[in-house]
Amino acid sequence: MTKSELILKITNKNSYLYHKDVYKIIDTLFNSVTQALKDGDRVELRGFGTFTTKLRNARIGRNPKTGVPVAIPKKKMPFFKMGKSMKERINS
């Protein structure tokens, strides 16, 4: 599901909400989660899951086309851990 499909689905289920308002809500939610992860915070949505970041150390990789070694800098990677109730809903 894409972001626009999510917005459309929420708008269709809640006819009293305008499309532009749902867009603002979803956009604010995603921006807030992104900013929190950027700041090194953890975002927990009960019943859904937890967003955190993990640090990947710098390493030497290889260009797959040429085989030349390439230095890859350390970076933060987003990580999502599904909540218990979400697992139960998916696997029921």
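Summary of values
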| item | result |
| --- | --- |
| The chain - Rg over Rh from alpha carbon coordinates, Kirkwood radius | 1.13 |
| Nearest-ten-degree value, helix 19-38 long axis tilted from longest Cα axis of the chain | 30 degrees |
| Residue among Gly40, Gly67, Gly49 with the largest mean-square fluctuation in a Gaussian network model of the chain, springs linking Cα atoms under 10 Å | Gly67 |
| Value of relative contact order over the chain, rounded to a whole percent, pairs C-alpha under 8 Å and six or more apart | 21 percent |
| Partners for Lys24 among lysines (Cα-Cα distance below 26 Å; same-chain residues under 8 apart left out) | Lys3, Lys9, Lys13, Lys38, Lys81 |
| Under the Debye formula (equal points on every Cα, no solvent term), log10 I(q)/I(0) of segment 28-77 at q = 0.30, 0.31 Å⁻¹ | -1.10, -1.13 |
| About the Cα centre, charge dipole magnitude for the chain (Lys/Arg +1, Asp/Glu -1 at Cβ), debye | 500 debye |
| C-alpha long axis of helix 3-13 to longest principal axis of the chain, angle in ° | 20 degrees |
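Quick note: the coordinates plus some simple rules give every number you see, no bench work behind them. Owing to the predicted nature of the structure, the values given are computational and were not obtained by experimental measurement. Positions of Cβ are backbone-derived with ideal geometry, glycine not excepted, and every protein chain shown enters the neighbour counts.
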